[in-house]
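The values are calculated or read from the model by the stated rules, or taken from the named source; none is laboratory data. As the structure is a prediction and not an experimental result, all values here were calculated from the model. Cβ coordinates were reconstructed from backbone atoms using ideal geometry, including for glycine residues, and neighbour counts include every protein chain displayed.
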Amino acid sequence: MIRNLWYAVLESRELKKSIVGVTRLGERLVFWRDSKGRAVCFYDRCAHRGASLEKGRQCGDAIACPFHGLEYDATGRCIKIPANGKNAPVPPSFKMRAYPTHEEYGIIWIWWGEDPPADLEPPLFFDDLKNMKTWKTAVDPWDNHYTRVLENQLDVVHLPFVHHNTIGRGNKTLVEGPGLEWKGDTMFFHYVYNKVDDGSKPRTPKEVPVPDPDREYRLECILPNMWENNIGAKVRVLGLFVPVDETHTLLYLRFYEDFLHVPLLKDLVLWAACRFDIIVAHQDRRVVNTQLPKGDGTGKGELLIQGDYPIMEFRKKRIELRKRAEDSRR
């Protein structure tokens, strides 16, 4: 995992009034809401004896450890040690690392790094999803590094083989391009040009139209862990590839629609669409869970082909972001 980046880690619906403990990015974290409803995140490990705070209680704008009652504010700083007396000063060492949070569009992000800049910008999101209000989410566990799961969505070569009876029907095994267009430092659009093998030489990524004026369909990616399937003007699929640890990922698949206005019919369509998305995802999961090495994020030992161009670009950008994060710590 790469430091100093915004990672989508939870949906807002998962953090209500109770304290929530989860493992994210290989760390045990605790989430809770302060008196104004703002999401708070820091290590889920009491500085005193290492107990989890998940089973603790909230005290206004602080939470208390269930073991010995130590209280922590939203910065992760201990503000009270009951055994020492309510007026006793708390040693500054009694503090846990807190992560900045951002909550919008029903998603909670954390800025996973040290010493966040004073002018920290909010995370990027997909412009065409910002005004879509109707969605349904399915959450699916995968047994591999989050980059393996995300790269699967950038891989157009596998479609006619893994998804031969769903989204890959048509035996379009010849991969032209793929096309790729960077839209900033951490976002790119990805254009698919698969076709039936007619014996012709496939066009290279530089030869296919980017952007393509004749088609609305494209895939979009925001590093480190978000992806969108731009199916049409009123239908979208969002993927959040949430790192649990080096070998486990939670895939949040969100289906958006903006064409139905009858409540019961809308609910039925959302349910059916989510069900279909999970069926397709499980076709992928069966294979991706077998990929080696696990927990690497670079794909060492692989021999890539032209059709893997989006994956190459994704990995190249990750190397750049990792170096940038490492340089900032020196």
Is it fair to say L223 is under 18 Å from W112 (Cβ atoms), assigned by TED's automatic domain parsing to the domain that holds K183 and not charged (D, E, K, R)?
yes
In segment 199-248, what count of residues is obtained for those that are more than 17 Å from F125 (Cα to Cα) and in contact (Cβ under 8 Å) with a residue 40 or more places away in the chain?
9
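Against the definition (of a type in the set (A, V, I, L, M, F, W, C) and either surrounded by fewer than 21 Cβ atoms within 10 Å (Cβ to Cβ) or outside the structural domain of V237 (by TED's automatic domain parsing) (or both)), how does V139 come out, yes or no? Don't jump to the end; show me each part of the working.
Details: of a type in the set (A, V, I, L, M, F, W, C): yes; either surrounded by fewer than 21 Cβ atoms within 10 Å (Cβ to Cβ) or outside the structural domain of V237 (by TED's automatic domain parsing) (or both): yes.
Considered against the rule, which asks whether it is of a type in the set (A, V, I, L, M, F, W, C) and either surrounded by fewer than 21 Cβ atoms within 10 Å (Cβ to Cβ) or outside the structural domain of V237 (by TED's automatic domain parsing) (or both), V139 comes out as yes.
Identify the residue in segment 36-48 that is touching an Asp or Glu at 6+ places or on another chain (Cβ under 8 Å) and assigned to a loop (DSSP other than H, G, I, E, B) and, among all such residues, is surrounded by the fewest Cβ atoms within 10 Å (Cβ to Cβ). Step through it out loud before you land on a result.
At the first step, the residues of segment 36-48 found to be touching an Asp or Glu at 6+ places or on another chain (Cβ under 8 Å) are 38-40, 43-44.
With the extra rule that they be assigned to a loop (DSSP other than H, G, I, E, B), the set shrinks to 38, 44.
Details: R38: 12, D44: 21.
Checking each candidate, the answer is R38.
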Residues in segment 62-105 that are under 27 Å from L10 (Cβ atoms) and either in contact with a strand residue (DSSP E or B) (Cβ under 6 Å, 6 or more places away or on another chain) or surrounded by 17 or more Cβ atoms within 10 Å (Cβ to Cβ) (or both): how many?
25
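Quick check on segment 284-297: of everything there that is part of a loop (DSSP other than H, G, I, E, B) and touching a residue at least 40 places away in the same chain (Cβ under 8 Å), which residue is farthest from the chain's Cα centre (by Cα)? Don't jump to the end; show me each part of the working.
The first filter runs over segment 284-297 and keeps only residues part of a loop (DSSP other than H, G, I, E, B), leaving 289-297.
Restricting the remaining residues to those that are touching a residue at least 40 places away in the same chain (Cβ under 8 Å) gives 289, 291, 294-297.
On the way: N289: 18, Q291: 20, K294: 18, G295: 16, D296: 17, G297: 14 Å.
Filtering first and then ranking leaves Q291.
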With A281, A273 as the choices, which residue is part of a helix (DSSP H, G or I), more than 23 Å from L25 (Cβ to Cβ) and touching a residue at least 12 places away in the same chain (Cβ under 8 Å)?
A273
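If you check K195 against the conditions, is it under 27 Å from A272 (Cα atoms) and in the same structural domain as V242 (by TED's automatic domain parsing)? So that I can check it myself, show each step before the final result.
Details: under 27 Å from A272 (Cα atoms): no; in the same structural domain as V242 (by TED's automatic domain parsing): yes.
No; evaluated as a whole, the condition is false for this residue.
Can you pull out the residues in segment 254-278 that are among the aliphatic types (A, V, I, L, M) and loosely packed, with under 12 Cβ neighbours inside 10 Å? Let's see the steps before the verdict.
Applying the first criterion (among the aliphatic types (A, V, I, L, M)) to segment 254-278 yields 260, 262, 264-265, 268-270, 272-273, 278.
Of everything in segment 254-278, those that are among the aliphatic types (A, V, I, L, M) and loosely packed, with under 12 Cβ neighbours inside 10 Å turn out to be V262, L264, L265.
Please pick out the residue among R322, R285, R315 that is in contact with a Gly (Cβ under 8 Å, 6 or more places away or on another chain) and surrounded by 15 or more Cβ atoms within 10 Å (Cβ to Cβ).
Values: R322 fails: in contact with a Gly (Cβ under 8 Å, 6 or more places away or on another chain); R285 fails: in contact with a Gly (Cβ under 8 Å, 6 or more places away or on another chain).
One residue alone meets the criteria, R315.
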Pairing a residue in segment 54-78 that is free of Cβ contacts under 8 Å to residues at least 24 places away in the same chain with any residue that is of a type in the set (S, T, Y) and buried (at least 18 other Cβ atoms within 10 Å of the Cβ), where Cβ atoms lie under 7 Å and the two sit 6 or more apart in sequence or on different chains, gives A62/Y72
Candidates C78, C46 - the one that is at negative phi and out of contact with any Gly (no Cβ under 9 Å at 6 or more places or on another chain)
C78
Restricting to segment 2-35, what's the tally of residues that are assigned to a loop (DSSP other than H, G, I, E, B) and on the phi < 0 side of the Ramachandran plot?
9
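Considering only residues of segment 211-224 that are within 28 Å of L174 (Cα to Cα) and at pLDDT 95 or above, which is farthest from the chain's Cα centre (by Cα)? Show your work before the answer.
Our first condition is that a residue be within 28 Å of L174 (Cα to Cα); within segment 211-224, this holds for 211-223.
With the extra rule that they be at pLDDT 95 or above, the set shrinks to 219-223.
Details: L219: 15, E220: 13, C221: 10, I222: 9, L223: 9 Å.
Out of the qualifying residues, it is L219.
One line per residue, one yes/no per condition, for (1) acidic (D, E); (2) not in a loop (DSSP other than H, G, I, E, B):
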| site | (1), (2) |
| --- | --- |
| L150 | no, yes |
| V157 | no, no |
| H164 | no, no |
| G170 | no, no |
| E181 | yes, yes |
| D185 | yes, no |
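Taking into account only those residues within segment 106-115 that are within 14 Å of N4 (Cβ to Cβ) and touching a residue at least 60 places away in the same chain (Cβ under 8 Å), which is surrounded by the fewest Cβ atoms within 10 Å (Cβ to Cβ)? So that I can check it myself, show each step before the final result.
Filtering segment 106-115 for residues within 14 Å of N4 (Cβ to Cβ) gives 109-115.
In the following step, the residues that additionally are touching a residue at least 60 places away in the same chain (Cβ under 8 Å) were identified as 109-114.
Values: W109: 27, I110: 24, W111: 21, W112: 24, G113: 20, E114: 12.
So the residue we want is E114.
Got a sec? Which of E320, E313, E326 is on the phi < 0 side of the Ramachandran plot, more than 20 Å from the chain's Cα centre (by Cα) and acidic (D, E)?
Going through E320, E313, E326 in turn, just one is on the phi < 0 side of the Ramachandran plot, more than 20 Å from the chain's Cα centre (by Cα) and acidic (D, E): E326.
Could you tell me which of the residues R33, R28, R24 is surrounded by fewer than 18 Cβ atoms within 10 Å (Cβ to Cβ) and at pLDDT 95 or above? Break it down stepwise before answering.
On the way: R33 fails: surrounded by fewer than 18 Cβ atoms within 10 Å (Cβ to Cβ); R24 fails: surrounded by fewer than 18 Cβ atoms within 10 Å (Cβ to Cβ).
Step by step, each of R33, R28, R24 is checked, and only R28 is surrounded by fewer than 18 Cβ atoms within 10 Å (Cβ to Cβ) and at pLDDT 95 or above.
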